[in-house]
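The values are calculated or read from the model by the stated rules, or taken from the named source; none is laboratory data. Quick caveat, the model's predicted, so the values are computed rather than measured. Here the Cβ positions follow ideal geometry from the backbone for every residue, glycine too, while neighbour counts run over all protein chains shown. For the accessible areas, the whole protein counts, side chains as well, though only heavy atoms, and no ligand, DNA or RNA atoms are used. Shrake-Rupley method; radii C 1.70, N 1.55, O 1.52, S 1.80 Å.
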Amino acid sequence: MAPFFYLGFAAVSAFLLVRRFEGAPDPAMRVLSGLVLWAVLYLLPVHLAAALQIAGWLQTVQITPLAFFQAAVLAVVAVWSFLRRTSRTESQPTRSSPPSPQFAGYLVAGAIVVGGASLIFAAQMLVAFPDDPDALAYHIPVALHWLQEGSLRIPASLAWEFSLPANTEIGMMMLLAAGAQRFLSLVNLLAAIVLGLSTYLIAKKCTTNRLGAASATLIALSIPIVQFQAFSAYIDLYATAFLLAGTALFIYRYDDDLDHPRLALARLMLAALACGISIGSKSTFYLYGGVFFLVSAAVLIRERCTHKQLARGLLLLVVGLSAPSVFWIGRSWLTTGNPVYPLPVIFHGRTILAGNPNITPVNYEENFVRSRAEWLIYPWTEWKKSPGYLLIPYSTGSGLGGAFATFVPLGLVFAVGVSCTRGPRGPTVLKVLVILWWALLICWWFGLRRVPRFGLPLWVLACALCSPLLVALDQGRSRRIFRVLFVISLASTCAISSFVPLHTLLAGLREGDLSRSKFYDYPKTIDNLPAGTRLANEAGGDYNFVLAGSKLTNEVIPDFELPANLTNTYLRQMHADFVIQRLDAAQAGPSPPCDGLELVREEVLKVGEAGRRDRWRIWRVE
């Protein structure tokens, strides 16, 4: 129960703080602020405890003491909130609620389409476990490793998979501790809500039209990468959501309903914290975070004469960006001497700080386009080199969808035109956001090797920027055609995306066996090994988490930590009890991975519907 108490106490503290600091009457802004605060409050205590453990002041990082610490934080916040309640209530002016948006049937239909697809993905969780390759290979194993070891330090192997910034995995660690293996994607479901609220608020600033903002939000939530990652254990969506939350909070620092300087500074601090969460979630967001800082600092400098808070604003910006990310940077620096490890620092071909330059292959973009020029038409092609056994180009790593292709590219052109033709007194926020989008595009194109999911902030921000075009279409003479096209494009995209979880859902119900061993196709014997058994994974990267067993009591030495040539000496040094091997069933003969192993079990299992059979061998280390 400790993980639930930990997360619950943090949520209540965030709610109380938002009531004291949040001045805007917009419910979307209040909810977004609360979710960002909640993330900050459940991340920072873990960072603190992990830093103390690495420094030798704590023996292990345990969730029960963290829950008590979170309860103490809640008590302090509750007392402070009670003492401030009277004075704040008397000093705040009464603000009218924003007018309700006009009813629009096409938006209701679009929301039903997107929501229906999400319900199918959610239903899949009842019969499935996380099955995304990168998640099984290292994202979930990282969270499980922390939980079993009681430490967030980088291991002696310096494996890059265990060395990345990992704010997202902290939430996964809490869910694993609570025994919620099937529901690890709840971390990203929270991120999807944050992303939707952020997109809506940014779009509303671009057009001041709630219907247009809602339309842009539905397009963003229909992007296949967003839909798939919202119900996966990938981390791009989480980092993207909080980067956009920081953007939304920053541009709402001084809105029509928030004129108190301290509240504006609080909003600025919250914006920086949100961006700091994204920086501490994925190393590719170091670039995006740097762009956010430069653009935000430039805006603050430009506003120095109007608001006269430049020094405090810049200080809060730096502190906020650092707080949720400095632990990961400090951990890497103390362990490897490279604060951005595992990324190398290379200047003019010379390696300044060593790292792993091959995390993402140089030619990885060839999986999505046939040539670099084809990126100009990618939204309309959605080609994928290896679409998988269902022959669908959409996945956690690729796919923008029909609604995006229909409206967003033209919407970007329209937004650039609007921001450039209305003169210096035109839509300033739109101009800044257009500049921000182009800066992020440059980062993605030159610094992130044009991987589609690495550009998720680009695609979602583009949806918000297309809101002026959506408003113009909805108010034009062909509004009926636009509305029909809008719903059809959403429906076509969501139908293709939801076919994958629907297939998994129906297959699980047909089989009737919802066990973990059946879903992952591994011998049930592994679930029955004594707690604390150490297994060396020679079965492949997809099994680094799987081999931990149904109760997560097996300690797995992942494939990426094993040497190229396995030896008995290495296995003894690592205190391995067994080596788990998976081969094609046609391969005969008991050939051990190394000397000094005894075969204790062999089993052949049918995998999936294609008729493939795997031969599993369990070798005891003698």
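Relative contact order, percent, of the stretch 516-621 when contacts are C-alpha pairs under 8 Å separated by at least 6 residues? Can you show the working numbers first?
Details: 187 pairs, mean separation 28.4, N = 106.
Once divided by the residue count of the stretch 516-621, the mean separation gives 27 percent.
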| remark: Computed over the chain: longest principal axis from alpha-carbon atoms vs helix 402-421 long axis, angle to nearest 10 degrees, is 40 degrees
| query | Which pairs in the list LYS518/LYS551; LYS385/LYS524; LYS524/LYS551 are over 23 Å apart, alpha-carbon to alpha-carbon? | reply | LYS385/LYS524
| Nonlocal amide H pairs with LEU343, under 5 Å, H built at 1.01 Å | ASN356
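Sorted by average packing, counted as other Cβ atoms within 10 angstrom per residue and highest first, what order do 312-322, 131-141 take?
Working: 312-322: 18.7, 131-141: 21.2.
Ranked from most to least packed, the peptides come out as 131-141, 312-322.
Starting from the stretch 436-540, pick out the trypsin sites (Lys or Arg not before Pro) whose DSSP state is loop and whose Cβ has at most 13 other Cβ atoms within 10 Å. Show your work: numbers first, answer last.
On the way: sites: ARG449, ARG450, ARG453, ARG477, ARG479, ARG480, ARG483, ARG510, ARG516, LYS518, LYS524, ARG534; in loops: ARG449, ARG450, ARG477.
Filter output for the stretch 436-540: ARG477.
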| task | Read phi for every residue in the stretch 158-163 and hand back ³J(HN,Hα) as whole Hz from Karplus 6.51 cos²θ - 1.76 cosθ + 1.60, θ = phi - 60°, with x for Gly and Pro. | result | 6, 4, 5, 5, 9, 10
| query | Where does the stretch 476-596 land on Rg(C-alpha)/(2.2 N^0.38 Å)? | reply | 1.68
| note | Inter-part gap, Cα centre of the stretch 435-452 to Cα centre of the stretch 247-299, in whole angstrom, is 19 Å
| remark: So for R0 = 25 Å, FRET eff. of HIS503-THR381 from the Cβ-Cβ r, to 0.05, ends up at 0.55
| the stretch 336-435: which trypsin sites (Lys or Arg not before Pro) are DSSP loop and have at most 12 other beta-carbon atoms within 10 angstrom? | ARG370, LYS385, ARG425
| query | Does anyone have the angle between helix 428-442 and the longest principal axis of the chain? Alpha-carbon axes, 0 to 90°, nearest 10? | reply | 30 degrees
| task | Determine the sum of side-chain charges near LEU189: Lys and Arg each +1, Asp and Glu each -1, restricted to other residues whose C-beta is under 15 angstrom from that of LEU189. | result | -1
| query | Using modelled backbone amide H atoms (1.01 Å from N, in-plane), which distant-in-sequence or interchain residues come within less than 5 Å of ARG601's amide H? | reply | ILE618
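So, by mean Cβ neighbours within 10 angstrom, what's the order for 279-290, 66-77 with the highest one leading?
Numbers: 279-290: 24.6, 66-77: 16.6.
Top of the packing list down: 279-290, 66-77.
Set the bar at 23 Å for Cα to Cα. Now go through LYS204/LYS431; LYS205/LYS431; LYS205/LYS282 and name every pair that lies beyond it. Spell out each step's value before the answer.
Details: LYS204/LYS431 14 Å; LYS205/LYS431 11 Å; LYS205/LYS282 28 Å.
Where the Cα-Cα span goes over 23 Å, the pairs concerned are LYS205/LYS282.
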| query | With all protein chains present, how much of the accessible area of the stretch 516-621 (probe radius 1.4 Å) comes from carbon and sulfur, to the nearest whole percent? | reply | 46 percent
| remark: Output for the stretch 355-406: GluC sites (Glu not before Pro) sitting in coil per DSSP, at most 15 other Cβ within 10 Å, listed by number, reads none
| query | Which far-off residues, 5 or more places away or on another chain, put their amide H under 5 Å from the one on VAL556, with H placed in the peptide plane? | reply | LEU535
| field | Rounded to whole Hz, the Karplus (6.51, -1.76, 1.60) HN-Hα couplings of the stretch 445-450, x for glycine and proline | value | 5, 9, x, 10, 6, 6
| request: May I ask you to evaluate 6.51 cos²θ - 1.76 cosθ + 1.60, the Karplus curve with θ = phi - 60°, for each residue of the stretch 231-236 and list the ³J(HN,Hα) values in order in whole Hz, giving x for glycine and proline? | output: 10, 9, 10, 6, 10, 5
| request: Note down the accessible area of MET174, probe 1.4 Å, to the nearest 10 Å². | output: 0 Å²
